[in-house]
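S.K.: Sharing a structure below in structure tokens format, with a few things to ask.
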Amino acid sequence: LAREGWHAHRAGRSFLSRLMESSWHHAVDWIEAIRILTEGKAVKLNVKNMPSLGATQAFAKALKETKCGLTTLETVVPGDEGLQVFAAALPETKAPLKILSLTVCGIGDKGIVYLSKAMEHSRCSIAHLNLAGNNIGDAGMHTLVCRLLQPGRRSRLTYLDVSENDFQDDGAMSLAEGMRSE
């Protein structure tokens, strides 16, 4: 499918539309697709239809194995379980990923533990993180603040969108404290 996509791309048809028509459960398809799409350039990739945990696993494997110019990724992972798989790949990715948008994924407090742990890693270069429209509660906000916003942490985070989540006063207070300590 990746080779077919390349020919469609060269012919002017949308390669990403072909990507979305496929289930893409094989890492080799994702690896080839990422190589074709980036070709050494800085690239923004929008994969808003990660249909299953299998597809997320294949995509995560491709990110770890493919040296590419992917700098911006907007995707949907299937909840906390999908984020666990995806986050495990972040410290090992060969892409210079700076912007990550995981909006409306059903991510909760458990998923935030996986993501924040990955973002603490010295090889993770994400500076812009959009988590809007998820299910992050007070405990998840506290985790984000403690792991990513406190002085002395390795996080490179400069932008964080957590609008439309489930946190209440305690989560908002954690965020305010984390921003004050910056």
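The values are calculated or read from the model by the stated rules, or taken from the named source; none is laboratory data. Quick caveat, the model's predicted, so the values are computed rather than measured. A quick note on method: Cβ atoms are made from the backbone with ideal geometry, for glycine too, and the neighbour counts reach across all protein chains shown. The accessibility values were calculated without ligands, DNA or RNA, using every heavy atom of the protein model including side chains. Shrake-Rupley method; radii C 1.70, N 1.55, O 1.52, S 1.80 Å.
S.K.: What whole-number value in Å² describes the accessible area per residue of segment 74-138 for a 1.4 Å probe? It would help to have the intermediate numbers written out before the result.
M.R.: Numbers: 2260 Å² over 65 residues.
Solvent-accessible surface per residue comes out at 35 Å².
S.K.: Compute the distance in nm between two label points, each set 7 Å from the Cα along the Cα-to-Cβ direction, one at A88 and one at A176.
M.R.: About 3.9 nm, to one decimal.
S.K.: Rank these by accessible area, largest first, 1.4 Å probe: T71, T66.
M.R.: On the way: T71 35, T66 0 Å².
Putting T71, T66 in descending order of accessible area: T71, T66.
S.K.: Round to a whole number: what % of the accessible area of segment 56-182 belongs to carbon and sulfur, probe 1.4 Å?
M.R.: With neighbouring chains kept in place, the figure for segment 56-182 is 49 percent.
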